[in-house]
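Student: Mind looking over this structure? Questions follow.
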Amino acid sequence: MSNTALDLAAITKTITFQAKPQPSFNKNFDLLIRHLHEMKAAGYETYICSENPKQFERLAAIFKELKADVAFLPVEVPLHEGFIDEDLKIEVLTDHQIFQRYHQYKIRQGFNKDQAMNVRVLRELAPGDYVTHIDHGIAIFAGLQTIEIAGQKQEAVRLNFKNNDIVYVSIHTLHKISKYLGKEGEQPQLSKLGSDAWKQLKARTKRKIKDIAAELIKLYASRRAAKGHAFPPDGYLQTELEASFVYEDTPDQFRSTQEVKADMEKEYPMDRLICGDVGFGKTEVAIRAAFKAVADGKQVAILVPTTILALQHGRTFSERLSDFPVSVDYLNRFRTAKERKDILDRLKDGKLDILIGTHALLSKELVFKDLGLLIVDEEQKFGVAAKEKLRALKVNVDTLTLTATPIPRTLQFSLMAARDLSVIRTPPPNRQPIHTEIRVFDEDLIREVIMAELNRNGQVYFVHNRVNDLPAMVELMRRVCPEAEVAMAHGQMDSQHLEQVLVDFIDRKFDVLVCTNIIETGLDIPNANTIIINRADMFGLSDLHQLRGRVGRSNQKAYCYLFAPPMSVLTQEARKRLRTIEEFSELGSGFNVAMRDLDIRGAGNLLGGEQSGFIADIGFETYQKILDEAIQELKETDFKDIFQEEIAQKGTYVRDVTIETDVEMLIPSEYVTNSQERLNLYTELNNIENEAGIEAFASRLQDRFGKLPKPVNALFDGLRLQWFCKKIGFERLILKGGKLRCYFLSDPQSSFFETAHFQNIMAFIQKHGRVMGISLKQTNKELILVRDGVYRLSEVQKLLSDMAGVGQ
């Protein structure tokens, strides 16, 4: 036989495979159960493959609900198609074929969004940057510096304050420093060390925040006291609906769904806000909540800001729930009087389950037979009058609000006091960033862009925000691209005509839609993946972000072209807006966009415009920290009855621990030579919260830089001490010259001193103090635990470990 060609004549043996593809069950679970019984009787072993272990739980729940005694072996491996092997007597089924979902190939993700954000912000922290230290104020960051304490080397961050005063910040308290983000283009004033100005500013800010937060918490408390409808746990129909979602849930989507359903099952009315960037899957969570309400015989009202969104949601909900016995309709100014009357009658008689609509939903003539859930989309787009009517409707009804206004991560925890919040930060798998370019108006470019999109069977939006010139723009498109079918849409068109145009565009009868920013909210057309925004300099930043979010809603690469006059003739603000939108084109960048907005809208929208001034004075991240502190204090004092359960669960009263020691704890410069890299590592270490985190960090370090030196292990011990101090109730630990001093909470009014935990620690000290050489010292301001003759961190760790164990 030659080496290059295969001699086919020499092949005499044929191998036959007795195999068949997976049968189709069309989501009919009775058919599936019957099939599994037949296969078992024939001696087959059944395996079900899924890359998502939750699918096995869903299947088990469905079988249990249908009282089916079937067995299968779960295999957590993705498989494209199932099969039956008659020789080996095995059948392998796939979950996505059972539930009739698309099978998506998995793309590995590196960092999650939060990690990427933190690492990036830190890498951006360069000497010369303005930073805010929570205790001392605004300073200039001057990098890492090695300092000597009692002959031992330590590393610290150097900050330069007013009059060239210097503060060295321990690497254990890096979380107290944050990059100053205030109004762009304005340099902040450096704080003066030793003056009360910073303290007073912080106190003023905190007082103001407390006033606003107290109002919000009162609302929250009254809602907790109100009696709502407790929905039952999920039935198998709910499980089937969730499993039939054609995409895989992102982790955030899954968590948000669970949180919403848990709220609905509680006695008091739900008031949850779901926040996620454009196109991150908030609507799917709303569909699942609506279905849960309908499954328990309740009606659902969905309030949207625009007529187009009502139409779009009407289609989305109807398609998604088409396999289930649910009636969906929508109400907007496009509906005729006859259709409107029919909807009102069905609603009153309880024959309509889900009604989607604009402000019309708030009119008095609308009567629900049994309203159980209200979903509000883009609440910030409604006026004050509409919100008042909403409140009247919301009293005892579960409410779910969806918004794309981004909320910074730390803010979300603080606001949990005011309303329950779910944030969807992870983009759906296979999404790609939108390529964004600023260009000058150019007919050749328009043709090139439209033809490129048509060549891949896509569609194009051309946004021009002047209704008078729209017909001229349509003519221009037809002249430049005679091959393309062009349509026009704007809010002043006859309602029937506008609806028809949009439906035809969704159904791909047109290639190019020339329109005003009427498409800004809610149009979801996965096939449209290029948007040209004419005179983009005339739009606000969040409008541009929302408009760009109309494309890139599938796994296709999307393009956004911002047409504007040359940069030299634009105002400074317009230039900044365009540069910002071009710079932040990655997925989930809504937060960055909001941060750059001149009045920093992320916080302004949630806490009222008067907050913007404080943010400019102290920087955004510090504002969040103070907000967080203020809300925690309110929870532990004025509102401790409401949050009793939460405080008991939390169990820690100390939020910040300062450790001062003369033990050598650092990452030596000969071990990691790059000072920026050391700073990144210190910051990462600061955020570790458990032993598993230390182990993972240590093994990564060893992997990259070799065997761990002693001072690095001492760093880990320092971190463990911080955890023990938090558990016990120490705010500060000093170990110098063999003397150990541990300071209890400095606030004598704290409810910590009334807890059983504190009493247990006192009893422990009384009983073992003499033997262990520990005593208590009371000064005017503080209660201090004292022990002399301690030279090793391991001794301190042993002592604190014993005390922490007693306190629990």
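The values are calculated or read from the model by the stated rules, or taken from the named source; none is laboratory data. What you see is a predicted model, and the numbers here were worked out from it, not measured in a lab. Backbone-built Cβ (ideal geometry, glycine too); neighbour counts: all protein chains shown. Side chains are part of the model used for accessible areas, which takes the heavy atoms of the whole protein and leaves out ligands, DNA and RNA. Shrake-Rupley method; radii C 1.70, N 1.55, O 1.52, S 1.80 Å.
Student: Charges on Cβ only, +1 for Lys and Arg, -1 for Asp and Glu, centred on the Cα centroid of the chain; of 390, 264, 797, which one is farthest towards the dipole's positive end?
Tutor: Positive-most Cα among the choices belongs to 797.
Student: Can you pull the Kirkwood radius for segment 154-243, inverse mean 1/r over Cα pairs, to one decimal in Å?
Tutor: 18.9
Student: Relative to the Cα centre, what is the charge dipole magnitude of the chain, using +1 at the beta carbon of each Lys and Arg, -1 at the beta carbon of each Asp and Glu, and rounding to the nearest 20 debye?
Tutor: Result for the chain is approximately 1940 debye, rounded to the nearest 20.
Student: Based on Cβ point charges of +1 for Lys and Arg and -1 for Asp and Glu, what charge dipole magnitude is obtained for segment 409-563 about its Cα centre, in debye rounded to the nearest 20?
Tutor: 680
Student: Taking the highest mean first, how do the peptides 238-246, 474-482, 135-143 order by number of other beta carbon atoms within 10 angstrom per residue?
Tutor: Result, highest mean first: 135-143, 238-246, 474-482.
Student: Enumerate the amide H contacts of residue 459 below 5 Å, restricted to partners 5 or more residues apart or on another chain; note that Pro and chain-start residues carry no placed amide H.
Tutor: Residues meeting the amide H criterion: 528, 529, 530.
Student: Which three semi-axes in whole Å describe the equivalent ellipsoid of segment 125-283, each the square root of 5 times a Cα gyration tensor eigenvalue, listed largest first?
Tutor: Semi-axes (√(5λ), whole Å): 47, 23, 16.
Student: Still on this structure, please answer the following. From the cross-link list 210/369; 54/640; 162/727; 227/282; 176/640, which pairs have alpha carbons spaced over 31 Å apart?
Tutor: Beyond 31 Å: 210/369; 54/640; 162/727.
Student: Here is a further query. Can you give the FRET efficiency to the nearest 0.05 for residue 797 and residue 255, using r as the Cβ-Cβ distance and R₀ = 30 Å?
Tutor: 0.30
Student: Semi-axes of segment 192-268's equivalent ellipsoid from the Cα gyration tensor, sqrt of 5 times each eigenvalue, largest first, rounded to whole Å?
Tutor: Three semi-axes, in Å: 43, 21, 6.
Student: Considering only DSSP beta bridges where both residues belong to the chain, give the percentage that are antiparallel (nearest 5).
Tutor: 40
Student: Over the chain, what is the mean sequence separation of C-alpha contacts under 8 Å (at least six apart), divided by residue count, expressed as relative contact order in percent?
Tutor: Computed over the chain, the figure is 11 percent.
Student: Same structure, new question: Report, in degrees rounded to the nearest 10, the 0 to 90 angle that the Cα long axis of helix 443-455 makes with the longest principal axis of the chain.
Tutor: 80
Student: Could you check the simple spin-label distance between residue 197 and residue 160, using points 7 Å along Cα→Cβ, in nm with one decimal?
Tutor: 1.8
Student: When the Karplus curve 6.51 cos²θ - 1.76 cosθ + 1.60 is applied with θ = phi - 60°, which whole-Hz ³J(HN,Hα) does each residue of segment 459-464 get, with x for Gly and Pro?
Tutor: Along segment 459-464, the couplings run 10, 10, 9, 10, 9, 9 Hz.
Student: Please give the contour-minus-distance gain from residue 349 to residue 696: 0.36 nm per residue of separation, less the Cα-Cα distance, rounded to one decimal in nm.
Tutor: This chain segment gains 118.9 nm when fully extended.
Student: Enumerate the calculated ³J(HN,Hα) couplings along segment 565-581 in order (Karplus 6.51 cos²θ - 1.76 cosθ + 1.60, θ = phi - 60°), each rounded to whole Hz, writing x wherever the residue is Gly or Pro.
Tutor: Values per residue, Gly and Pro as x: x, x, 3, 5, 9, 7, 6, 4, 4, 4, 4, 4, 4, 5, 5, 4, 5 Hz.
Student: Using R₀ = 45 Å, calculate the FRET efficiency as 1/(1 + (r/R₀)^6) where r is the Cβ-Cβ separation of residue 230 and residue 579; round to 0.05.
Tutor: 0.35
Student: What FRET efficiency comes out for residue 660 versus residue 713 if R0 is 30 angstrom and r is the Cβ-Cβ distance? Round to the nearest 0.05.
Tutor: E(calc), rounded to 0.05, equals 0.95.
Student: Can you list residues whose amide H is under 5 Å from residue 138's amide H, if they're 5+ apart or on another chain and H is modeled 1.01 Å from N?
Tutor: Distant-sequence amide H within range of residue 138: 133, 191.
Student: How much net charge surrounds residue 340 when only the other residues with a Cβ under 12 Å from the Cβ of residue 340 are counted, with Lys and Arg +1 and Asp and Glu -1?
Tutor: Within the 12 Å Cβ shell, the charges total 0.
Student: Excluding same-chain residues fewer than 8 positions from residue 89, which lysines have a Cα within less than 19 Å of its Cα?
Tutor: Qualifying lysines at Cα under 19 Å: 20, 40.
Student: Also: Would you grab the residues whose amide H sits under 5 Å from the one on residue 420? Only those 5+ places off in sequence or on another chain, please, with H modelled 1.01 Å from N.
Tutor: 271, 273
Student: Sticking with this structure for a sec: What do you reckon, how do 538, 39, 665 stack up by accessible area (1.4 Å probe), largest on top?
Tutor: 538, 39, 665
Student: Shifting gears a bit: Out of segment 749-793, which chymotrypsin sites (Phe, Trp or Tyr not before Pro) are coil in DSSP terms and have no more than 15 other C-beta atoms within 10 Å?
Tutor: Answer in residue order: 791.
Student: In square angstrom, what is the accessible area per residue of the chain with a 1.4 angstrom probe?
Tutor: 48
Student: Which is farthest toward the positive dipole end of segment 674-808 among 723, 674, 764, measuring Cα position about the Cα centre, with Cβ charges +1 (Lys, Arg) and -1 (Asp, Glu)?
Tutor: 764
Student: Return the distance in nm (one decimal) between the two label points of a simple spin-label model at residue 365 and residue 451, each offset 7 Å from Cα along Cα→Cβ.
Tutor: Each label point lies 7 Å from its Cα, and together they span 5.3 nm.
Student: How far apart, in nanometres, would the label points at residue 207 and residue 153 be if each is projected 7 angstrom from Cα along the Cα-to-Cβ direction?
Tutor: So the label points at residue 207 and residue 153 sit 4.9 nm apart.
Student: With every atom except the alpha carbons ignored, what do you get for Rg and Dmax of the chain, in angstroms?
Tutor: 31.1, 101
Student: Then there's this: Under the 0.36 nm per residue contour assumption, what length would be gained going from the current alpha-carbon distance of residue 492 and residue 768 to full extension?
Tutor: 91.1 nm is the gain from fully extending residue 492 to residue 768.
Student: Quote the charge dipole size of segment 327-389 about the Cα centre in Debye, to the nearest 20; the model charges only the Cβ of Lys and Arg (+1) and of Asp and Glu (-1).
Tutor: The dipole magnitude comes to about 280 debye.
Student: I've got another one for you. Find which of 170, 491, 779 sits farthest along the positive direction of the dipole of the chain, computed with +1 on the beta-carbon of Lys and Arg, -1 on that of Asp and Glu, about the Cα centre.
Tutor: 779
Student: Next question, about the same structure. Suppose the chain between residue 759 and residue 20 were pulled fully straight at 0.36 nm per residue; how much longer would it get relative to their current alpha carbon spacing?
Tutor: Net length gain for the segment: 259.0 nm.
Student: I've got another one for you. Residue by residue through segment 746-753, which ³J(HN,Hα) values in whole Hz follow from phi under the Karplus form 6.51 cos²θ - 1.76 cosθ + 1.60 (θ = phi - 60°), with glycine and proline marked x?
Tutor: With coefficients 6.51, -1.76 and 1.60, one gets 7, 8, x, 7, 4, 5, 4, 6 Hz.
Student: For the chain, what does -39500 (n - 2.57) per DSSP helix run (n ≥ 4), summed and divided by total residues, give at 222 nm, in deg cm²/dmol to the nearest 500?
Tutor: That calculation yields -12500 deg cm²/dmol at 222 nm.
Student: Another question, if that's okay. In segment 235-311, what trypsin sites (Lys or Arg not before Pro) fall in a loop by DSSP, with at most 14 other Cβ atoms inside 10 Å?
Tutor: 266
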